[in-house]
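Input: a single structure, listed below in structure tokens.
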Ligand SMILES: [Cu+2]
């Protein structure tokens, strides 16, 4: 009998361990995100507007910022940067534009997801404004200029002389429609 | 209508005496369940092996001859899944069932009914997985590592079945692990202290904890794949704020400890066999225990060595590189202990010993190529080439599977009560050990030359080596039929085995008659010293 209750105790603890590790698997998601935000691991950028707070413009240095665009699978838009690269002083505000065109015969919604290489540089690129903060709708057969206003933190390490900002454009039309339908039904 | 009634009557007549099958269906006996696990594992070994034969047949020549690329991808994927979750892991669970109670003087496993369940859900998992191959669109084709987005955006609908079958396999392993831990903690005979337990028991004890720690993480990963694919979540989808690289972190957090799950019990087997056939005590028993425990702990700190090419910061790459290399220290302790055990021993070379010796040499080769892969800068060359394939097959085939074969030959007299045919067994050994090296050794060279893994076609300059590899593969596959023959022959009859057929053997399992009676140690044995 003592044996039985002893068995139960161990089984209970082991099951607790199993449940804990299952939860830990999911906890890795927010942990990973927090880790990436803190370290710039993976080249993610802060996906929100930042006010200009640089203390000075470092005229002694110039950093090359290159622009790349990709279309995710099944995305028919034309999407490209208007200039391939710019040279900026850390602390200086720059405005660049991207060209997007919807060649299809229907209204579509897109979402651009940014990524920065080298990953370390992502901590120092601040966006004051970006088309990637929101979903971008385009009516059938129309085009648009999409702006990004950014500056580099003057604290950016010396060894970073070139960085690449790339955008992947995803078709979000289906999701956008789903949310609008949901919103209209709830408002009724 | 009337025919149905007739058949029912017919069946009742047959059923009134309990037939052979119900013994196996409802058994709670650890020996029966061990046997079930071992036969199941062998069946999976043959099925997974035939998939490997398809792969090697396609790769016999450059170009596409026999199968479609999509089917080739299914073969590499399901071969991996079947061999890992169907062959290697159940083989070890089967050995644990047979041996752990007999080695610690327990009458059975602590949770016999759960034991029955943990085995009997396994066949369903594999029926689901294997039948998905015959679905429209085919089975899983994303590689056994099911990286997102291959398993989410680009996979077919058999993914749901894949996820479900992995869940069942996970539940089965977790139940098995709980059973092993409870048995070892609560059912040791009086006097069987932890530091007197045979190494096989120790290694399985630690393996069971690893299973409990990482199988739930695998379950979480497949669940996220399932919800990403079917329920609109974006764990691994960048357009929804997720990250496909995160999949690799979660997967390898499970994946690296998983490789130790598949090798630690081998260490226990080899630590039992080498002392027997050198007629000496195992050198450095306690260092073996501590080495096993440190390997298990370190296994949680090295996962990203599978991901050096994903673009990690240099600091992280260095951290994972050094931690990985650190594992060579406790592993080296083990290898040196085995060699020291053999030093000046009165060695004899029966088949279990031959497999154990082959294990020590060939597993070490796999360990060395692992060290090479751990070096971050050169990993960029080796990554996703046949060098990696060569590495993990040395570790898993000439490592894990050779140890299982050594174990089967070593304990077969105890299980069946007969000696196996030594000549035939030696023939099996030499056929296997030669063909396995013809199969896997040249893969190192095509890998270094740049042949990518998981691709059904290759450049012509790799043709000669691939032909040699394929011939080795067919020979290795056929050699395993000799193994089947030896085991069946031994189960059916042969020279009577003594209670202790190996003169140098030590341990409680050799104090009971051969074949081991259905119930053993109902009264706990006395342990001297
Ligand atoms: Cu690993």
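Of the conditions (1) away from every other protein chain (no Cβ under 14 Å); (2) modelled with pLDDT of 95 or more, residue B:258 satisfies every one except a single condition; which number is it? So residue B:258 meets the others, but not (1). Looking at the structure I just gave you, is residue A:122 surrounded by 15 or more Cβ atoms within 10 Å (Cβ to Cβ), outside any strand (DSSP E or B) and in contact with a helix residue (DSSP H, G or I) (Cβ under 8 Å, 6 or more places away or on another chain)? Criteria met by residue A:122. Determine if segment A:99-108 includes at least one residue that is farther than 16 Å from residue A:170 by Cα and in a strand (DSSP E or B). For segment A:99-108, residues farther than 16 Å from residue A:170 by Cα and in a strand (DSSP E or B): absent.
Taken together, A:105, A:51 contain a single residue that is assigned by TED's automatic domain parsing to the domain that holds residue A:150, under 12 Å from residue A:150 (Cα atoms), surrounded by fewer than 19 Cβ atoms within 10 Å (Cβ to Cβ) and out of contact with any helix residue (DSSP H, G or I) (no Cβ under 7 Å at 6 or more places or on another chain), which is A:51.
Of these, B:363, B:308, which one is surrounded by 17 or more Cβ atoms within 10 Å (Cβ to Cβ), over 27 Å from residue B:205 (Cβ atoms) and touching a helix residue (DSSP H, G or I) at 6+ places or on another chain (Cβ under 6 Å)? Steps first, please.
Values: B:363 fails: over 27 Å from residue B:205 (Cβ atoms).
Answer to the check: B:308.
When you look at residue A:174, is it over 20 Å from residue A:119 (Cα atoms) and outside any strand (DSSP E or B), yes or no? For residue A:174, the condition - over 20 Å from residue A:119 (Cα atoms) and outside any strand (DSSP E or B) - is met.
Take residue B:148 and tell me if it is in contact with a helix residue (DSSP H, G or I) (Cβ under 9 Å, 6 or more places away or on another chain), over 24 Å from residue B:454 (Cα atoms), crowded, with 23+ Cβ neighbours inside 10 Å and at pLDDT below 95. No: the conditions fail for residue B:148.
For segment B:171-196, residues that are outside any helix (DSSP H, G or I) and either at the interface with chain A (Cβ under 10 Å from one of its Cβ atoms) or modelled with pLDDT of 95 or more (or both) total 1.
Each row is one residue, and each column tells you yes or no for (1) within 30 Å of residue B:503 (Cβ to Cβ); (2) under 16 Å from the mean Cα position of the chain (by Cα).
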residue	(1), (2)
B:364	yes, no
B:370	no, no
B:383	no, no
B:393	no, yes
B:417	yes, no
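Among the candidates B:245, B:222, single out the residue that is at pLDDT 95 or above, within 14 Å of another protein chain (Cβ to nearest Cβ) and closer than 23 Å to residue A:21 by Cβ. Break it down stepwise before answering.
Values: B:245 fails: at pLDDT 95 or above.
B:222 is the lone residue from the list that is at pLDDT 95 or above, within 14 Å of another protein chain (Cβ to nearest Cβ) and closer than 23 Å to residue A:21 by Cβ.
Tell me, please, whether a residue that is on the phi > 0 side of the Ramachandran plot and touching a residue at least 40 places away in the same chain (Cβ under 8 Å) can be found in segment A:46-61. The answer is no, given that none of the residues of segment A:46-61 is on the phi > 0 side of the Ramachandran plot and touching a residue at least 40 places away in the same chain (Cβ under 8 Å). Total residues in segment A:15-34 satisfying the condition of being more than 7 Å from chain B (Cβ to nearest Cβ) and under 15 Å from residue B:223 (Cα atoms): the figure is 3.
Residues that are under 25 Å from residue B:49 (Cβ atoms), more than 14 Å from chain A (Cβ to nearest Cβ) and within 15 Å of the ligand (Cβ to nearest atom), at least 1 per element: which helices (runs of 4 or more DSSP H) completely within segment B:284-403 meet that? Break it down into steps so the answer makes sense when it comes.
Numbers: elements: B:285-298, B:314-326, B:328-342, B:351-374, B:376-382, B:386-395.
So the answer is B:351-374, B:386-395.
Quick check on segment B:91-105. Is at least one of its residues surrounded by fewer than 24 Cβ atoms within 10 Å (Cβ to Cβ) and in a loop (DSSP other than H, G, I, E, B)? Within segment B:91-105 (the criterion being surrounded by fewer than 24 Cβ atoms within 10 Å (Cβ to Cβ) and in a loop (DSSP other than H, G, I, E, B)), the answer is yes, since at least one residue qualifies.
Pick out the one residue from A:57, A:65 that is more than 8 Å from every other protein chain (Cβ to nearest Cβ), modelled with pLDDT of 90 or more and over 27 Å from residue B:254 (Cβ atoms). Break it down into steps so the answer makes sense when it comes.
Working: A:57 fails: modelled with pLDDT of 90 or more.
The conditions single out A:65.
The single condition among (1) within 12 Å of chain B (Cβ to nearest Cβ); (2) assigned to a strand (DSSP E or B); (3) in contact with a helix residue (DSSP H, G or I) (Cβ under 8 Å, 6 or more places away or on another chain) that residue A:70 does not satisfy is (3). Can you find even one residue in segment B:241-255 that is within 16 Å of the ligand (Cβ to nearest atom), more than 25 Å from residue B:282 (Cβ to Cβ), touching a residue at least 60 places away in the same chain (Cβ under 8 Å) and within 17 Å of the chain's Cα centre (by Cα)? Taking every residue of segment B:241-255 in turn, at least one turns out to be within 16 Å of the ligand (Cβ to nearest atom), more than 25 Å from residue B:282 (Cβ to Cβ), touching a residue at least 60 places away in the same chain (Cβ under 8 Å) and within 17 Å of the chain's Cα centre (by Cα).
Going through (1) facing another protein chain (nearest Cβ under 9 Å); (2) out of contact with any helix residue (DSSP H, G or I) (no Cβ under 7 Å at 6 or more places or on another chain); (3) closer than 30 Å to residue B:108 by Cα one by one, residue B:239 falls short only on (3). Only residues that are over 23 Å from residue A:22 (Cα atoms) and surrounded by 19 or more Cβ atoms within 10 Å (Cβ to Cβ) were counted in segment B:151-172, giving 2.
Does residue A:163 satisfy the condition of being crowded, with 20+ Cβ neighbours inside 10 Å and within 14 Å of chain B (Cβ to nearest Cβ)? Spell out how you get there, then give the answer.
On the way: crowded, with 20+ Cβ neighbours inside 10 Å: yes; within 14 Å of chain B (Cβ to nearest Cβ): yes.
The answer is yes for residue A:163.
Tallying residues that are assigned to a helix (DSSP H, G or I), in contact with a helix residue (DSSP H, G or I) (Cβ under 7 Å, 6 or more places away or on another chain) and away from the ligand (no atom under 16 Å from the Cβ) within segment B:256-280 yields 13.
The values are calculated or read from the model by the stated rules, or taken from the named source; none is laboratory data. This is a predicted model, so every value here is computed, not measured. Don't worry about glycine lacking a Cβ; one is built from the backbone with ideal geometry, like all the others, and counts go over all protein chains shown.
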